[in-house]
Every structure is written in C-alpha cells, then in structure tokens.
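Engineer: Just dropping this structure here.
The values are calculated or read from the model by the stated rules, or taken from the named source; none is laboratory data. For clarity, every value in this text was computed on a predicted model and none was experimentally measured. So basically every Cβ, Gly included, is an ideal-geometry build from the backbone, and we count neighbours across all protein chains shown.
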Amino acid sequence: MGISKMGGVLAPARSLRVLALAAVFSLGACAPMVVSAPVDFTPIAASKPGELHDLKLLTPARLALPTGYSRDLAANSRWRAVGHIPQGTVYRPVDSVFSIEGRQVHEAYLVIDRNAALQGFYLPGESRYSPLDKPVQLSTGELQ
C-alpha cells in the first residue's frame with residue numbers, strides 16, 4: 001500500500017506505526033502512582049532490642065492498595081519492629097521482601113497502630129509514608 005500522505009490521510013502502514021507508538025507511550029500512564037508523603041522515622045535503638053517484639057500474622061490478609069493493585073500477607077509471616085512514625089510502629093518482613101505497586105514498585109514495611117490495624121506502609125528507600133484508603137485489622141501474635 002502507499003507510503004505517502006495523500007489528501008491529509010496517512011497511508012495504512014504509517015497509521016499503524018503512529019498508533020503503536022501512542023499505545024506504548026500511554027501504557028506508562030495507566031497505573032496510578034503510589035501516593036506518599038515525607039515522614040519522620042525514629043529507629044528503635046539497637047541497644048533496646050527488647051523494647052518491641054516481632055509480630056507473627058496469625059491469619060492471611062488481602063490488601064487492596066489505593067493504586068488498584070492488591071497484596072497478600074501470608075499467615076505465619078514474621079515482621080520485626082524497626083521504628084516508629086506518627087501513624088504507628090514500623091515492621092519490616094523477616095526473611096522476605098515486601099513491596100507495593102503502582103506506576104513503580106516500592107519496597108514497603110508495614111505501619112501498624114496500637115490496635116493491630118494496618119494503617120499503611122513506610123517506604124524505606126524514600127523515607128516516606130503511603131497510607132491505605134481504609135485501615136485493615138490484622139490478627140497478630142507476639143514472638144519473643
């Protein structure tokens with residue numbers, strides 16, 4: 001078929017290339033960004049290892065992220081308290097990595113309040129906090 005532009009109409013081959021490029025560029029805009037804000041993180045001093053205990057999730061939990069993605073927290077997964085932010089205690093996974101996803105993937109630690117409700121996530125790579133739309137009640141147990 002023709003490759004020229006005739007009467008303001010693109011030839012079919014060129015039209016397909018333009019559509020393909022538009023589709024590629026629009027894919028990056030499909031996933032929403034992970035909303036986050038700077039936060040003051042206070043680490044738990046290494047000299048006070050008994051201040052807080054590790055947590056164990058007793059039941060699994062499915063998390064609906066504000067980005068439209070979801071994440072699963074496995075039953076019997078272990079989480080170590082590493083610090084505090086105003087929204088709660090920050091727990092990192094033990095023997096695994098946890099992440100949340102939007103336009104990009106971010107390593108994430110759980111932020112749990114004193115009532116065992118997951119409030120959101122601390123993003124250690126950025127020192128930022130990403131809230132959930134609605135807190136999720138977790139079933140936890142302490143490990144010594």
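Engineer: Determine which member of the set 136, 90, 35 is within 17 Å of the chain's Cα centre (by Cα), touching a residue at least 40 places away in the same chain (Cβ under 8 Å) and in a loop (DSSP other than H, G, I, E, B).
Structural biologist: Every option except 35 fails the conditions.
Engineer: Is it the case that the stretch 47-68 has a residue that's in contact (Cβ under 8 Å) with a residue 40 or more places away in the chain, among the basic types (Lys, Arg) and under 11 Å from residue 138 (Cα atoms)?
Structural biologist: Yes, the conditions are met somewhere in the stretch 47-68.
Engineer: Follow-up question, since we're still on this one. Considering the stretch 100-133 alone, what residues qualify as being surrounded by fewer than 13 Cβ atoms within 10 Å (Cβ to Cβ), without any contact (Cβ under 8 Å) to a residue 40 or more places away in the chain and polar (S, T, N, Q)?
Structural biologist: Correct list: 115 only.
Engineer: Please specify each residue of the stretch 54-96 satisfying the condition of being in contact with a Pro (Cβ under 6 Å, 6 or more places away or on another chain) and β-branched (Val, Ile, Thr).
Structural biologist: The one that is in contact with a Pro (Cβ under 6 Å, 6 or more places away or on another chain) and β-branched (Val, Ile, Thr): 67.
Engineer: Residue check: is residue 141 more than 17 Å from residue 32 (Cα to Cα) and surrounded by fewer than 13 Cβ atoms within 10 Å (Cβ to Cβ)?
Structural biologist: It is true that residue 141 is more than 17 Å from residue 32 (Cα to Cα) and surrounded by fewer than 13 Cβ atoms within 10 Å (Cβ to Cβ).
Engineer: In this structure, is residue 141 in contact (Cβ under 8 Å) with a residue 24 or more places away in the chain, over 20 Å from residue 68 (Cβ atoms), part of a strand (DSSP E or B) and in contact with a strand residue (DSSP E or B) (Cβ under 7 Å, 6 or more places away or on another chain)?
Structural biologist: yes
Engineer: If you don't mind, another one. What's the number of the condition residue 38 fails, among (1) more than 22 Å from residue 137 (Cβ to Cβ); (2) surrounded by 10 or more Cβ atoms within 10 Å (Cβ to Cβ); (3) modelled with pLDDT of 95 or more; (4) not small (Gly, Ala, Ser)?
Structural biologist: (2)
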